[in-house]
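J.: The structure follows.
The values are calculated or read from the model by the stated rules, or taken from the named source; none is laboratory data. Every value quoted in this text rests on a predicted model; they were computed, and no experiment measured them. Cβ atoms come from the backbone with ideal geometry, glycine included; neighbour counts cover every protein chain shown.
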Amino acid sequence: MLARAYSLLEIKSVDAATRTIRGIATTPTPDRVGDVIEPLGATYQKEIPLLLHHRRDAPVGIARLGKATPDGIPFDADIAQIDEPGPVKDESDRAWQSVVHRLIRAVSIGFRPVGDWNDAVDVMKGGGLRFLKTEILELSLVTVPANQEATLAIVRSLDVAALGPTPPRVGGPPAGRTAMTIQEQITHWSNARAPKASRMVDLMNAAQAKGETLDDAATQEYDTLNGEVRSIDDHLARLRELDTLNIAAAAPVVPAIPKPSHLTSSAKPPVIQVKANVAPGTPFVRFCKALAATKGNLQLAENYARQWDDSTPEVSLVLRAAVAAGTTTDATWAGPLAPLRPLANEFLPFLRAATLLGRIPGLRNVPFNVSVPIQTGGGTYKWVGQGAPKPVGSLAFATITLAISKAAGIIVITDELARNSSPSAEEVIRNDMIRGIAEFLDGQFTNPAVAAVAGVSPASITNGQTPITSAGTSPANARTDLVALITAMTTAKITIAGASILMSEANASALGLALNSLGQPLFPTLTPTGGTALGINVVTSQSCGNNVILVQPDNVLYADDGGVTIDVSTEASLQMDSAPMTPPDATVVMTSLWQNNYIGLRAERFINWKVARAAAVQYTVQAYVG
């Protein structure tokens with residue numbers, strides 16, 4: 001299907017002797033429905049037909065498109081001079097006279113996307129289509145009167161009648177509107193800004209890849225784009241300021257219905273909050289994407305992130321604050337990078353919900369590097385007769401200090417994924433970060449083989465504990481095992497009130513589906529995602545493996561400062577292994593990020609834990625069969 005893009009006819013010169021006109025065929029400025037044609041992504045023949053009103057049966061000359069630039073594609077066209085009388089002469093003469101007398105004031109290209117639709121077309125935030133790869137097939141002279149917006153609507157309606165329905169899109173202007181609102185202008189200029197900022201990043205990355213500075217042509221192009229971006233930013237700032245003033249000056253709407261009698265004058269009005277319609281954790285993921293797409297250059301990253309200002313403006317604000325400091329975070333959230341904390345605070349609850357640490361209720365949260373007193377023994381109490389002496393006992397206390405430790409991982413993504421602005425690309429990165437960190441922390445928290453490494457990492461809560469021997473693999477044996485865990489904990493005078501059972505989803509599924517001899521569920525309130533067993537809360541994670549763990553969370557201390565460090569590299573060589581060899585030997589295969597067009601995102605999270613009383617954790621090892 002042939003698509004069209006319209007622009008005002010900017011006639012640079014007219015040669016009456018040869019009927020030659022010169023001007024600009026198309027520019028990257030969005031039209032009234034927000035569509036953008038990227039000039040640098042267009043291909044075309046040396047000569048293409050010059051038509052009248054896109055009528056393939058009405059050619060009036062030949063057009064020649066010049067070299068594409070970021071600002072547009074110039075053209076020159078010859079309107080045919082026909083000597084023989086007839087309809088062809090009448091058509092070409094009419095076209096020439098219409099241009100000379102400014103009855104025709106616009107040109108339009110007929111084009112088609114090249115290649116796969118998803119690669120050639122990008123849906124922008126405002127709903128418009130950004131055509132990245134196109135083939136221009138013809139140039140047409142079209143009639144556009146002074147009211148450009150009304151004329152575009154008429155021309156597009158004629159297109160729909162002639163071509164049929166176009167591919168579905170999101171958004172678009174309301175029907176019948178003759179002037180853009182302030183919000184629509186903000187969207188319009190934000191869409192116009194995005195390809196210019198993206199081209200600036202491409203120019204800098206191309207020079208960086210060669211280890212060179214920008215040449216003269218690239219410098220001129222970059223400076224031109226930079227000036228245009230700054231001009232758009234200034235205009236957007238004025239539009240947003242005007243929008244704020246309009247909101248402040250708006251008069252409240254008087255309700256047409258009387259206020260209910262139960263609402264008195266002292267009642268507080270409801271608080272209405274407007275939040276961006278993005279998935280949880282998206283601002284933090286966009287922060288990471290901006291760093292990745294610009295290869296860690298904070299100044300370029302701030303500029304790159306401005307494309308999301310209408311939905312997540314905090315991303316560019318955080319990057320702007322981080323430019324002066326030269327790093328992306330510090331462990332104590334002190335100093336000039338405090339603005340980054342809201343992004344991490346918005347992301348970490350989403351992460352915690354995926355980990356055992358975030359789902360076990362009652363864990364004692366304590367600060368790093370602070371001595372915390374814990375009670376290890378109780379006093380002595382007896383019945384005392386009249387006049388008899390009272391027993392004297394003493395409480396036993398100890399102190400625990402959780403040092404700062406951190407978990408780190410490297411996520412490798414392609415450069416194309418980092419630059420892709422679609423929500424699905426953000427979801428891929430977010431889910432990988434969530435699942436990868438959650439799986440690692442859950443395994444470290446529960447695996448008995450994980451021992452403490454001084455100054456590096458904590459031991460698992462089961463490390464050093466002696467497991468209780470399982471009674472067998474049947475669900476009935478599981479009931480016996482759970483009773484044994486409870487008995488061991490209560491014998492140590494530790495209450496099971498508030499305790500949790502940790503097990504794999506596989507074990508929980510086997511027990512939840514098990515029936516007794518009467519055909520009744522043996523554990524009726526247990527499902528693969530959790531529930532209760534024998535009245536005790538059950539939390540499931542595949543990281544538990546065959547371990548079934550009873551834990552009293554009041555005796556498990558953990559420190560989680562919320563600190564996240566993000567570093568970016570495209571130059572490193574990595575062991576693409578979840579358990580890299582330290583130090584690597586000659587057999588280790590290293591993968592070059594630069595050679596494979598990969599980007600490495602290194603994420604570090606500050607967290608530590610420790611069991612205050614060993615008896616507060618009991619476990620057995622068994623894979624149950626339903």
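J.: Tell me, which residue of segment 92-109 that is surrounded by fewer than 19 Cβ atoms within 10 Å (Cβ to Cβ) and among the charged types (D, E, K, R) is farthest from the chain's Cα centre (by Cα)?
T.: D93
J.: In addition: Regarding T480, is this residue in the same structural domain as V538 (by TED's automatic domain parsing), free of Cβ contacts under 8 Å to residues at least 24 places away in the same chain and part of a helix (DSSP H, G or I)?
T.: Considered against the rule, which asks whether it is in the same structural domain as V538 (by TED's automatic domain parsing), free of Cβ contacts under 8 Å to residues at least 24 places away in the same chain and part of a helix (DSSP H, G or I), T480 comes out as yes.
Here is a yes/no grid of residues against (1) within 27 Å of the chain's Cα centre (by Cα); (2) modelled with pLDDT of 75 or more:
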| site | (1), (2) |
| --- | --- |
| F111 | no, yes |
| D122 | yes, yes |
| L132 | yes, yes |
| A150 | no, no |
| V155 | no, no |
| L163 | no, no |
| V170 | yes, no |
| T181 | no, yes |
| E184 | yes, no |
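J.: Of the residues in segment 601-626, how many are of a type in the set (S, T, N, Q) and in a loop (DSSP other than H, G, I, E, B)?
T.: Of the residues in segment 601-626, 1 are of a type in the set (S, T, N, Q) and in a loop (DSSP other than H, G, I, E, B).
J.: Looking only at segment 34-50, how many residues end up being buried (at least 21 other Cβ atoms within 10 Å of the Cβ), closer than 12 Å to I136 by Cβ and under 27 Å from the mean Cα position of the chain (by Cα)?
T.: Total satisfying the criteria: 1.
J.: Now for a different question. Does segment 513-544 hold any residues that are crowded, with 18+ Cβ neighbours inside 10 Å, of a type in the set (A, V, I, L, M) and without any contact (Cβ under 8 Å) to a residue 40 or more places away in the chain, and which are they?
T.: Hits for segment 513-544 are L526, V538.
J.: Another one. Filter segment 54-79 down to the residues that are under 43 Å from the mean Cα position of the chain (by Cα) and not charged (D, E, K, R) and list them by number.
T.: H54, L65, G66, A68, T69, P70, G72, I73, P74, F75
J.: Moving on. Quick one: which of S474, S457 is within 34 Å of the chain's Cα centre (by Cα) and assigned by TED's automatic domain parsing to the domain that holds Y619?
T.: Step by step, each of S474, S457 is checked, and only S457 is within 34 Å of the chain's Cα centre (by Cα) and assigned by TED's automatic domain parsing to the domain that holds Y619.
J.: Would you confirm, using the coordinates I've provided, whether Q552 is more than 36 Å from the chain's Cα centre (by Cα) and free of Cβ contacts under 8 Å to residues at least 12 places away in the same chain?
T.: Here the answer is no, as Q552 does not meet what is asked.
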